[in-house]
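**Q** First, the structure itself, so that you have it in front of you.
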Amino acid sequence: MPEFKTVLSSPVQIYALGGLGEVGKNLYCIENDTSLLIVDCGVMFPEDSMPGIDYVVPDFSHLRENASKIKALVITHGHEDHIGGIPFLLQAVDVPVIYAPKIACALIRHKLEDMRIRTNTKLIQYDEDTVVKAGEFTVEFYHVTHSIPDSFGLFIRTPHGTIVESGDFKIDLTPVDADFNLTKLTHFGDEGIDLLMADSTNAEREGYTQSERTVIKGISDVFAEASGRLIISTFSSNISRIQQIIETAIKFKRKIVIFGRSMQSNVEAAREFGYIKVADESLADPKELAHLSPDQVCILCTGTQGEPMAVLARIGRGEHRDIHVLPGDTIVFSSSVIPGNTASINQVINQLTRLGATVITNSVLTNLHASGHASRQEMRLLQKLARPRYFMPIHGEYRMLKLHAGIAVECGMSKDHTFVCENGDVLTLINHEVYRAGEVPADAIYIDGKATVSVSTSVLRDRSMLIAEGMVGVYLLIDPKTNRLISTPLVESKGFISSNKRGLQRKAGEVIGLEVERLMNSGRKVTYSDIKQTVRTITSHFLYRESHRSPMVIPVILTYNSDKVSRS
């Protein structure tokens, strides 16, 4: 460990805008007074409690406020939870350069083209020998094993000390891709690592994560037993898994038909760089499906997480243009369940089963998936190789972060040198010492479609209320000259009560009318805003008392005169 010297440069701040307390939308920042380095920019896919939402991305407001300091965005690997937010970031902030490994570069280009994002941002490919200079920070790389090729951890030099960001990793000693560079990580450990930030996804799993190669047997068993078409779904960015499925399909003399835009673009990019090896004659066009014998077909598609617009969900609803479930079809989910998606996945499985398909999911009996994330023994090994002075667990829900911090303590670290943080919490690195130091804004931003305009938390809350409670509209006709109601307010509802309970609506109208007249005859100046607020309050109280429900109340005021009726 080198001797520490006092430095005069401004303190270094480390914080996450996404990725803490959740699995997804990873975005980590290293910042001082002159430089800001961003690590990853991902999305999180919506839960069932987020109606109408397609993506959840980090709040970029802090980056906008400090845009002049941004020197670079460095990407650890090409998964959606690490690159999916880039199109939204580039629409909000000018980023001078993005550094990404080879396959991630290709996926980012596809993503920007697909969303028609025009940008002056440079996209530069790096490898393990690259050294990136980003303002006052320098970044070096070491290869890690994960479920996509070209995955890297980062070694970041700052004026006040060194930081290692692990990226997503597991220590797979028989990988499909290249080996984890344990030697280079150990070298960084010898040099001295002040702060380690490491993937916590599998902190609840003891032991070691199984090798990706162990999945081959489970996949082969499914191919051997299937007499009809095989429809296999996996993450479109799990290139190692896709390669194994393709190799097995060729072995069993099945043509591979690829569905799903992300699956098609990712396979295309992986073939371009040699990560997926398959001859053109082994691939079939979707139009050829009708002319192929069922036992000659392997369909590779998206939808393992129950996404409503993905291929599997559309097949389950009978809405897919080219694929309809046939007798003898076997449908395979070669993936794990992302937290929050269980209900959606079960719904798709039930739909597919009801249509007559045999559905196989990953289990101890089938072994169709190997995680790309380290389990507890690998986390311990990382601690021993890196030997950091301080530790900040990242990429995981709160309980995972807490357990990972406990692993660091098991390995000899003082508890007060571990930091279980939330998005926005700031750590400060000063002369090789790390402290907690305030916070930055780090809300979630909800994206509806591909729009650059985000959906606010209040809009999401309104959508949830409409689903759970329904809506009541209250229509009032007012004569502003005489300051009185022309008639009893009309109350209409959607999704609240059935048509055989209209009496409740009439009674509500009478109660609202009395209160509005009392307000208008109170002798004080009354605005339309006052009337609307009174209507909301009285209506909400009345309906809850009568039904124990709290629908959204929308007042509509119509003003009357002899010439016309206008709305307010």
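The values are calculated or read from the model by the stated rules, or taken from the named source; none is laboratory data. Keep in mind the model is a prediction, meaning the values are calculated, not measured. As a convention, Cβ positions derive from the backbone with ideal geometry for all residues, glycine included, and neighbour counts pool all protein chains shown. The accessibility values were calculated without ligands, DNA or RNA, using every heavy atom of the protein model including side chains. Shrake-Rupley method; radii C 1.70, N 1.55, O 1.52, S 1.80 Å.
**Q** Part of a helix (DSSP H, G or I) and in contact with a Lys or Arg (Cβ under 9 Å, 6 or more places away or on another chain): does that describe residue 514?
**A** Criteria not met by residue 514.
**Q** Can you name every residue in the range 181-206 that is open to solvent by 20 Å² or more (accessible area, probe 1.4 Å) and either more than 17 Å from residue 371 (Cβ to Cβ) or of a type outside the set (D, E, K, R) (or both)? So that I can check it myself, show each step before the final result.
**A** To start, the set of residues in the range 181-206 that are open to solvent by 20 Å² or more (accessible area, probe 1.4 Å) comprises 181-184, 186-187, 190-191, 201, 204-206.
The answer is 181, 182, 183, 184, 186, 187, 190, 191, 201.
**Q** In the range 303-315, what residues are modelled with pLDDT of 90 or more and open to solvent by 10 Å² or more (accessible area, probe 1.4 Å)?
**A** Listed by number, the list holds a single entry, 314.
**Q** Would you check if there is a residue in the range 511-518 being open to solvent by less than 30 Å² (accessible area, probe 1.4 Å), in contact with a Pro (Cβ under 7 Å, 6 or more places away or on another chain) and under 18 Å from residue 465 (Cβ atoms)?
**A** There is no residue in the range 511-518 that is open to solvent by less than 30 Å² (accessible area, probe 1.4 Å), in contact with a Pro (Cβ under 7 Å, 6 or more places away or on another chain) and under 18 Å from residue 465 (Cβ atoms).
**Q** Looking only at residues in the range 73-96 that are open to solvent by 10 Å² or more (accessible area, probe 1.4 Å) and not aliphatic (A, V, I, L, M), which one is farthest from the chain's Cα centre (by Cα)?
**A** To start, the set of residues in the range 73-96 that are open to solvent by 10 Å² or more (accessible area, probe 1.4 Å) comprises 79-81, 88, 90-92, 94, 96.
Retained after the next criterion (residues that are not aliphatic (A, V, I, L, M)): 79-81, 88, 91, 94, 96.
Details: 79: 10, 80: 7, 81: 5, 88: 13, 91: 18, 94: 22, 96: 24 Å.
Here the answer is 96.
**Q** Suppose we filter 201, 162, 186, 158 for residues that are under 25 Å from the mean Cα position of the chain (by Cα) and touching a residue at least 12 places away in the same chain (Cβ under 8 Å); which single one remains?
**A** Numbers: 162 fails: under 25 Å from the mean Cα position of the chain (by Cα); 186 fails: under 25 Å from the mean Cα position of the chain (by Cα); 158 fails: under 25 Å from the mean Cα position of the chain (by Cα).
So the residue among 201, 162, 186, 158 that is under 25 Å from the mean Cα position of the chain (by Cα) and touching a residue at least 12 places away in the same chain (Cβ under 8 Å) is 201.
**Q** Taking into account only those residues within the range 519-545 that are surrounded by 12 or more Cβ atoms within 10 Å (Cβ to Cβ) and among the β-branched types (Val, Ile, Thr), which is farthest from residue 474 (Cα to Cα)?
**A** The qualifying residue farthest from residue 474 (Cα to Cα) is 526.
**Q** Something else about it: Quick check on residue 214: is it among the hydroxyl-bearing types (Ser, Thr, Tyr), assigned to a helix (DSSP H, G or I) and within 22 Å of residue 357 (Cα to Cα)?
**A** Answer is no for this residue.
**Q** Could I ask something else about it? Which one of these does residue 141 not meet: (1) surrounded by 23 or more Cβ atoms within 10 Å (Cβ to Cβ); (2) assigned to a helix (DSSP H, G or I); (3) hydrophobic (A, V, I, L, M, F, W, C)?
**A** (2)
**Q** Restricting attention to the range 547-565, and to residues there that are within 50 Å of the chain's Cα centre (by Cα) and farther than 17 Å from residue 473 by Cα, which single residue is modelled with the lowest pLDDT?
**A** Within the range 547-565, the subset within 50 Å of the chain's Cα centre (by Cα) is 547-559, 565.
Then drop every residue that is not farther than 17 Å from residue 473 by Cα, which leaves 548, 565.
Values: 548: 83, 565: 51.
Top of the filtered list is 565.
**Q** Among the candidates 126, 55, which residue alone is surrounded by 15 or more Cβ atoms within 10 Å (Cβ to Cβ) and at pLDDT 95 or above?
**A** Only one candidate passes the filter, namely 126.
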